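The values are calculated or read from the model by the stated rules, or taken from the named source; none is laboratory data. This structure is a prediction, so every number in the text was calculated from the model and none was measured. Cβ sites come from the backbone with ideal geometry, for glycine too, and all protein chains shown count toward neighbours. Each accessible area value is taken on the protein alone, full model and side chains, heavy atoms only, with ligands, DNA and RNA left out. Shrake-Rupley method; radii C 1.70, N 1.55, O 1.52, S 1.80 Å.
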Amino acid sequence: MPSQKALVRRPSPRLAEGLVTHIEREQVDVELALRQWEEYVEALRTHGWETVEVEEADDCPDSVFVEDTVVMFRNVAVITRPGAESRRAETAGVEEAVARLGCSVNWVWEPGTLDGGDVLKVGDTIYVGRGGRTNAAGVQQLRAAFEPLGARVVAVPVSKVLHLKSAVTALPDGTVIGHIPKVDTPSLYPRFLPVPEESGGHVVLLGGGKLLMAASAPKTAELLGDLGFEPVLVDIGEFEKLEGCVTCLSVRLRGLYA
Ligand SMILES: NC(=O)NCCC[C@H](N)C(=O)O
């Protein structure tokens, strides 16, 4: 069976100070967040993923959103240069973790900025959101890293939400899903399915037809269940207060050369 590892990172005690850009700040309950994180990790494990914890970064409030710090394609990890300066210190621990797992490591360099939340892979197509956190140089550097490996990098504008994957993700059959009011250009995707809730646009593919989704999207879970998928719901309410989604709490590594 191919290696199925997922990187996760325990929330910082300073989580409540995490960045908020597009929504009103609400008080975060750090203890509840920790319990929600543990349940999220448990859901990954239950569905066949070996979780690997990146060393905690207690001084980085947003470090739990580990997806933003690294982008994987096959065995190659691109360590990002997060668009928010306050998040740049998060990358060192992630770099160490992926190197230890045997990944080939590459980097986004100044003046490039890129957040992993802006990168959506659908087969060999890599959509990259050009928005508040990812700039044109970041997009170019991602192209340079992954196109020689056989990927097609497609840049898409993001203006309504924090990251591309705050707007859209993809089902196992490649259909892109999103809540229309939050999606800049749905016509960019060859197959697009509108969903009734904003957080319904976020799915983590667990394998087979199983989809890890936020409990805040019950109508979308019903819609996708009715299409023959198996939603697995987790409550990530404390992370949603900081513009986090199910996708951003892990990085799945499927192409490890090990
Ligand atoms: N990929 C993601 O959706 N990441 C969420 C990051 C939330 C964090 N508070 C931030 O603003 O960077």
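Restricting attention to the range 149-168, and to residues there that are of a type outside the set (Lys, Arg) and out of contact with any helix residue (DSSP H, G or I) (no Cβ under 6 Å at 6 or more places or on another chain), which single residue is farthest from the ligand (Cβ to nearest atom)?
Here the residue is GLY150.
Under 8 Å between Cβ atoms, which residue pairs at least 6 apart in sequence (or on different chains) link something in the range 130-147 that is open to solvent by 60 Å² or more (accessible area, probe 1.4 Å) with a partner that is within 16 Å of the ligand (Cβ to nearest atom) and small (Gly, Ala, Ser)?
These pairs meet every condition: GLY132/GLY83.
In the range 180-192, which residues are within 17 Å of the chain's Cα centre (by Cα) and away from the ligand (no atom under 14 Å from the Cβ)?
Of everything in the range 180-192, just one residue is within 17 Å of the chain's Cα centre (by Cα) and away from the ligand (no atom under 14 Å from the Cβ), namely VAL183.
Within the set of pairs 6+ apart or on separate chains, which have a first residue in the range 115-127 that is of a type in the set (Val, Ile, Thr) and within 15 Å of the ligand (Cβ to nearest atom), a second that is in a helix (DSSP H, G or I) and open to solvent by 10 Å² or more (accessible area, probe 1.4 Å), and C-beta atoms under 8 Å apart?
Hits for this filter: VAL119/LYS165.
Of all strands (runs of 3 or more DSSP E) completely enclosed by the range 1-118, which ones contain at least 2 residues that are open to solvent by 40 Å² or more (accessible area, probe 1.4 Å)?
Output list reads 50-53, 104-107.
So, GLY201, is that one within 14 Å of the ligand (Cβ to nearest atom), out of contact with any strand residue (DSSP E or B) (no Cβ under 9 Å at 6 or more places or on another chain) and small (Gly, Ala, Ser) or not?
no
Tell me, please, whether a residue that is open to solvent by less than 50 Å² (accessible area, probe 1.4 Å), touching a strand residue (DSSP E or B) at 6+ places or on another chain (Cβ under 6 Å), in a strand (DSSP E or B) and away from the ligand (no atom under 15 Å from the Cβ) can be found in the range 226-241.
yes
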